[in-house]
There are 2 protein chains.
Amino acid sequence: MRIKDFFLPTLREDPQDAEIESHKLMIKAGLIRKMAAGVYSYLPFGYIALKNVEKIIREEMNNAGALELLFPAIMPKELWDETGRWEIYGDEMFKLKDRKGRFFCLGPTHEEAVVDLARKELRSYKDLPKIFYQIQTKYRDEIRPRFGLMRAREFLMKDAYSFDTSEENLEISYKKMYDAYIKIFKRCHLDVIPIEADSGAIGGKVSHEFVVISELGGESEFVMCPKCGYAANIEAAKSLDSETLETEDEEPLEKINTFDNKTIEEVSDFLKVPRHKLAKSLVYKIDHKYVLAVIRGDDELNEVKLKNFFNAKSLELATDEEVLSIFKAHTGAIGPVNSPIETIVDKKVLKMKNFICGANEDGFHLKNVNLYRDFTPNYVEDIRVVKEGDFCPKCGTPLKKYNGIELGHTFKLGTKYSEKMNATFLDADGKEKHFIMGCYGIGVGRTLQAIIEKFHDDKGIIWPMNIAPFKVEILPINTSDEEINNASNRLHESLVKEGIEVLLDDRDDLSAGEKFNDADLIGIPLQVIVGRAFKKEGKFEIKIRKTGERKTMDFNEIVNFIKEAIKE
Amino acid sequence: MRIKDFFLPTLREDPQDAEIESHKLMIKAGLIRKMAAGVYSYLPFGYIALKNVEKIIREEMNNAGALELLFPAIMPKELWDETGRWEIYGDEMFKLKDRKGRFFCLGPTHEEAVVDLARKELRSYKDLPKIFYQIQTKYRDEIRPRFGLMRAREFLMKDAYSFDTSEENLEISYKKMYDAYIKIFKRCHLDVIPIEADSGAIGGKVSHEFVVISELGGESEFVMCPKCGYAANIEAAKSLDSETLETEDEEPLEKINTFDNKTIEEVSDFLKVPRHKLAKSLVYKIDHKYVLAVIRGDDELNEVKLKNFFNAKSLELATDEEVLSIFKAHTGAIGPVNSPIETIVDKKVLKMKNFICGANEDGFHLKNVNLYRDFTPNYVEDIRVVKEGDFCPKCGTPLKKYNGIELGHTFKLGTKYSEKMNATFLDADGKEKHFIMGCYGIGVGRTLQAIIEKFHDDKGIIWPMNIAPFKVEILPINTSDEEINNASNRLHESLVKEGIEVLLDDRDDLSAGEKFNDADLIGIPLQVIVGRAFKKEGKFEIKIRKTGERKTMDFNEIVNFIKEAIKE
């Protein structure tokens, strides 16, 4: 392909609204352009790379026995009402009306569609197992779209759905997809870590996120154990409940005047006690009831854990007015002793002795509070956010915390959707049973961007061979020189004949320096420079983009070298 | 692929809401399923076939030098306001709001997107010509979705857009696309007729529809000259203005009582004169003014021609109330003599003598009306619908009329969009000029369905080899027979190793008859029956689906036969 016949609008300057390197490079190297917040066009250079990623995903899904199909992106409301997700998804789902006033959504995911298909077409245990997948444009109206394709509102996704007769068979399907994911990300040269995750709006019991560590921001926080490899999303991560039970003797309960000091920081400073000697008390409205949640002063409350524990549809922090009306004291002065509402305490609180908490009276705190002596909680549970340095729940080693980019997500759904949509099959024992399901997603554009996030330097992209839109770029450094032009054209034709994707920079209004900079920016793995060495001794100079290594070769050598190199 | 591992939900009965054979067969043979009116899922069997069509389109577009990219399906209103099409498209365009209240549409086509890209990224005549294309899901909220994928609301389309420096260069790009279309449809084995067409909402001066003749309904009516090959969509078709001028002498104008007779039929019957001696008068509201349109009594008015003549944004028939208030007479009693509003007459009316029309007085008509003696029209133009038997505008031969399915559409847009969106490039003469554009669409799903509409019999689909989802189907007629099973498996493995797409019907709960019926329904080109001949003499029976021809062969013969046959 000659650049003049191609479309490669590269930029000299960094785009202003790009926050991370991969996003900048995708704009600068002419892979994508923004149309609206979180809405991008793939230009030809980016689209070839995207298709290369798609091909890897498709091959591994097919190898795993999954069947490709394509659901519509627009789906009628009635289908989503069956699972209640028309409401649950809220503003994150794009909704529209057709000319007759019927409501449709733009699919953020396709459980409803696939379950509808299964309940109509899969009738017997003989039709199972089945794994369906599609590679399709999805829609999520993110509050804060950012990082280019990392958090877009229209994005390409591979989503797969498995149907099994039993939990045991779901394990097999889940393992197939899990293994396929490992292979896919390996072929994309990404060091992906499967971490335990919360299931969020998709639901189900077990789920894994497939993340890559990203030092520059990223969307997923997770912890990992450097010893045993335990890894979990921050929302789902557990830790040992505490080092040890505090050993001091229980002192008598005291009410102390803390005046205007309300927050953990203020009270801790005022009383000159460390934060871990205080308890933090928070009132939540969980579905329709109010609950007091108590954690150690140096911990943070994990709302996902709290919501999951109560199996709640909605959860929000109570307002100051609500707290005052329930406790007759303001936020910051409340506590679990004589709480007028149900109390849940974090497991770490079990290990605390003689701690300080609000007295349920403005201006006062209680000192030397002790669990079971001064109050009895209704529930004890792990409801805190794991911190760096907390202890691994599996082996006790201090955990490390990372930022990651989520590229894939797998879920064991069980019967969550098949029950709601009454999707059953006739089992071998003659009974109608609900399908046991799993679902499995990969962000295709996000994976492409993660590859660029990993493979680049300060000059530009460094494509891995199998993802590179072109394998070779030929750079004639002086297109007004007929010999150089002829040699470049001849090499271009030879490589095209060999079926090798090659780009020829035939632009005549760029200096050699500009061409070299552009070549490093777009990052084709092999650069062939036709210039000084050619004029001097008839040789081509090859530069390996990844290593910067240079060699000179004659025509036949270089063709053979390239043929070998692209097998990589 | 073993059917047990595949997903092939075939049906015995015809689906109720399918009107044409191809639609019925796509449902029955398990290619597609309906999710909502005009909204379909592609099942795995249909999706493979669709991808085969897509591959042909992609290859020919690439061969023609077009560059593939991918625009978003959702686009912001602001972009569509620039061309006025946010309003013009009306209810046919799906519209939605994001969480911040910003309006988006689901793209029915992508001129706005591509012009926006061009004006930002193509700056010089050196960047031209360029042809961009994408294969993408499109959305049109059809009033009456029907015929399966033929008129769907969500559908896959290949849309291409060319950018040139001049009309002459547009000719070159247009020819490239035209030729690519001919090749694409040839490779799809479709006898496509390029017909002259109206440009509709897309606009521009010249446009061609690529249609296949369809006896069973279809969406496009067109006429074709059996002698010179002139072919045009009914909306755009012209014909010779008339045989000859009528020769009778002009008689004196007379007002006659026609009582309650209003329509052409009623007046013609009542007065016992042929319909072509009457003139039909219709009042239209064209943009904001009213116009009286007059055609011969046996003709039909072509609203597209009328709208184009006035270069109007909107056109609608006036209501009875509007007619009464303008003419002081009811619809059916009005006419061009002393018309209170502007009058346009069809060219055929020029040839009429002594005709009859409404008297602009309820209950009365005028007899022996003659143009220029009794009234003078403001405009004379071809505003009628061409009928079968009208004369070819090029050679005078009587035209034939057909129903067709539009598979592709090409448009010479000129500067229509580049002017509205102020999209310019710097030409060689140093001047800023508007891009000269063309646009080119193909309905991908529609093309797939047209192939089925052409290649089927009363038993099912008869796939052309290159479109067939599988090339060979192996039919072991008794799966409880170990020899038959082993032989079938061995053949299956051998063909898989050869890279041949093969389906093995390993279902054990179907009779031989049911398997044969299913095989004919799904229409794989080569059926290999492993049954009686195998038990008797170790031979495989091959059946060619297209011809019904049968041969028996041993293992090596059949593998070689298949390898040859799929080269077809």
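Taking amide H atoms as placed 1.01 Å from N in the peptide plane, list the residues 5 or more away in sequence, or in a different chain, whose amide H sits under 5 Å from that of B:Ile529.
Correct list: B:Leu475, B:Glu541, B:Ile542, B:Lys543.
Evaluate E = 1/(1 + (r/R0)^6) for A:Glu321 and A:Asp457, where r is the Cβ-Cβ distance and R0 equals 60 Å; express this FRET efficiency to the nearest 0.05. The partial results should precede the final answer.
On the way: r = 55 Å, r/R0 = 0.92.
Rounded to the nearest 0.05, the efficiency is 0.60.
Using a 1.4 Å probe and ignoring any ligands, DNA or RNA, find the accessible area of A:Tyr139 and quote it in Å² to the nearest 10.
Answer for A:Tyr139: close to 0 Å² accessible.
Could you check the simple spin-label distance between B:Lys183 and B:Glu221, using points 7 Å along Cα→Cβ, in nm with one decimal?
Result: 3.7 nm between the two label points.
When the helix-only estimate is applied to chain B (DSSP H runs of n ≥ 4, each -39,500 (n - 2.57), divided by the residue count), what is the mean residue ellipticity at 222 nm, nearest 500 deg cm²/dmol?
Details: 15 runs with 154 residues, N = 568.
Value at 222 nm, helices only: -8000 deg cm²/dmol.
Points 7 angstrom from Cα along the Cβ direction at A:Lys285 and B:Glu87: gap in nanometres?
Roughly 4.4 nm, to one decimal.
Do any residues of segment A:110-140 lose at least 20 Å² of accessible area when the full set of protein chains is present rather than just their chain alone, and if so which, with a 1.4 Å probe?
Hits at the 20 Å² cut-off: A:Leu117, A:Glu121, A:Lys126, A:Lys130, A:Phe132, A:Tyr139.
Quick one: go through segment A:163-192 and flag any residue whose amide nitrogen is under 19 Å from the point 7 Å out along the Cα-to-Cβ line of A:Glu432.
From segment A:163-192, the list is A:164-166.
With every protein chain left in place and a probe of 1.4 Å, what is the accessible surface of B:Leu50, to the nearest 10 Å²?
Approximately 0 Å² of B:Leu50 is accessible to the 1.4 Å probe.
Quick check on segment A:196-327: take the gyration tensor over C-alpha atoms, sort the square-rooted eigenvalues as a ≥ b ≥ c, and tell me if it's rounded (a/c under 1.5), prolate or oblate. Show your work: numbers first, answer last.
Details: a/c = 2.15, a/b = 1.42, b/c = 1.51.
Taking the square roots of the gyration eigenvalues as a ≥ b ≥ c, segment A:196-327 is oblate.
Residue by residue, what Karplus-based ³J(HN,Hα) values in Hz, rounded to whole numbers, does segment B:414-429 have, using 6.51, -1.76 and 1.60 with θ = phi - 60° and x for Gly and Pro?
x, 9, 3, 7, 5, 5, 4, 9, 6, 9, 10, 10, 8, 7, 4, 7
Kindly write out, for segment A:504-510 in residue order, the coupling ³J(HN,Hα) from the Karplus curve 6.51 cos²θ - 1.76 cosθ + 1.60 (θ = phi - 60°), rounded to whole Hz, with x marking Gly and Pro.
10, 7, 8, 5, 9, 10, 10
Just by accessible area at a 1.4 angstrom probe, what is the order of B:Ile3, A:Ile143 from largest to smallest?
A:Ile143, B:Ile3
Determine the shape class of segment A:261-406: with a ≥ b ≥ c the square roots of the Cα gyration tensor eigenvalues, call it rounded for a/c under 1.5, and otherwise prolate if a/b is greater than b/c, oblate otherwise.
Working: a/c = 1.69, a/b = 1.22, b/c = 1.38.
It comes out oblate by the Cα gyration axes.
Quick one: which residues, 5 or more positions from A:Gly404 or on another chain, have an amide H under 5 Å from its amide H? H modelled 1.01 Å from N in the peptide plane, none for Pro or chain starts.
Here A:Ser214, A:Glu219, A:Ser220, A:Glu221, A:Phe222 satisfy the definition.
In peptide B:96-103, how many Cβ atoms from other protein chains are near each Cβ within 10 Å, on average?
The shielding value for this peptide is 5.
Counting only protein heavy atoms, what percent of the accessible surface of the protein assembly as shown is carbon or sulfur at a 1.4 Å probe? Walk me through the numbers before you get to the answer.
Details: 22860 of 47830 Å².
Answer for the protein assembly as shown: carbon and sulfur cover 48 percent of the accessible area.
Sort A:Asp241, B:Asp506, A:Asp81 by heavy-atom solvent-accessible area, probe 1.4 angstrom, most to least.
Highest to lowest solvent-accessible surface, that is A:Asp81, A:Asp241, B:Asp506.
Could you work out the relative contact order of chain A? I mean the mean sequence separation of Cα pairs under 8 Å and 6+ apart, divided by the number of residues, in percent.
Over chain A, the number comes to 16 percent.
Take every Cα pair under 8 Å in segment B:472-567 that's 6+ residues apart, average their separations, divide by the length, and report that relative contact order as a whole percent.
28
With an 8 Å cut-off on Cα pairs and a minimum separation of 6 or more residues, tell me the relative contact order of segment B:254-381 in percent.
29
Answer rounded, prolate or oblate for segment A:472-567, using the Cα gyration tensor with square roots of eigenvalues a ≥ b ≥ c: rounded when a/c is under 1.5, else prolate when a/b is larger than b/c, else oblate.
rounded
Kindly report the accessible area of chain A per residue (heavy atoms of protein chains, probe 1.4 Å, no ligands, DNA or RNA), in Å². Can you show the working numbers first?
Values: 23920 Å² over 568 residues.
So chain A comes to 42 Å² accessible per residue, rounded to a whole number.
Counting only Cβ atoms, what residue of chain B lies nearest to the axis that sends chain B onto chain A, and how many whole Å off?
Nearest residue, distance rounded to whole Å: B:Leu96, 2.
Hey, can you list the residues from segment A:16-39 whose accessible area shrinks by 50 Å² or more with all protein chains present, relative to the chain by itself (probe 1.4 Å, no ligands or nucleic acids)?
Those residues are A:Met35.
Mind grabbing the interface size between A and B? I mean buried accessible area, both sides, 1.4 Å probe, in Å² to the nearest hundred. Present the calculation step by step, with values, prior to reporting the outcome.
Working: alone 26310 and 26300 Å², together 47830 Å².
Its buried surface, counting both partners, is about 4800 Å².
Using amide H atoms built in the peptide plane, which far-off residues or other-chain residues are under 5 Å from A:Val206 H to H?
Distant-sequence amide H within range of A:Val206: A:Lys412.
Need the full-extension length gain, B:Ala312 to B:Glu498, defined as separation in residues times 0.36 nm minus the C-alpha distance. One decimal, nm. If you can, show how the numbers build up before the last one.
Working: separation 186, 0.36 × 186 = 66.96 nm, distance 6.06 nm.
Result: 60.9 nm gained on full extension.
Just the number, please: percent antiparallel of the DSSP beta bridges in the protein assembly as shown, rounded to the nearest 5.
80
In segment A:56-91, what residues drop by 50 Å² or more of accessible area when the other protein chains are put back, versus the chain on its own? Use 1.4 Å, and skip ligands and nucleic acids.
A:Leu67, A:Glu68, A:Leu70, A:Pro72, A:Ile74
Along segment A:401-408, what does the Karplus equation 6.51 cos²θ - 1.76 cosθ + 1.60 (θ = phi - 60°) give for ³J(HN,Hα), rounded to whole Hz, x for Gly and Pro?
Using θ = phi - 60°, the values come out as 10, 9, 9, x, 10, 7, 9, x Hz.
The values are calculated or read from the model by the stated rules, or taken from the named source; none is laboratory data. What you see is a predicted model; the values in this text were computed from it and never measured. Virtual Cβ from ideal backbone geometry, glycine too; neighbours counted across all protein chains shown. The area values use the complete protein model at the heavy-atom level, side chains included, leaving out ligands, DNA and RNA. Shrake-Rupley method; radii C 1.70, N 1.55, O 1.52, S 1.80 Å.
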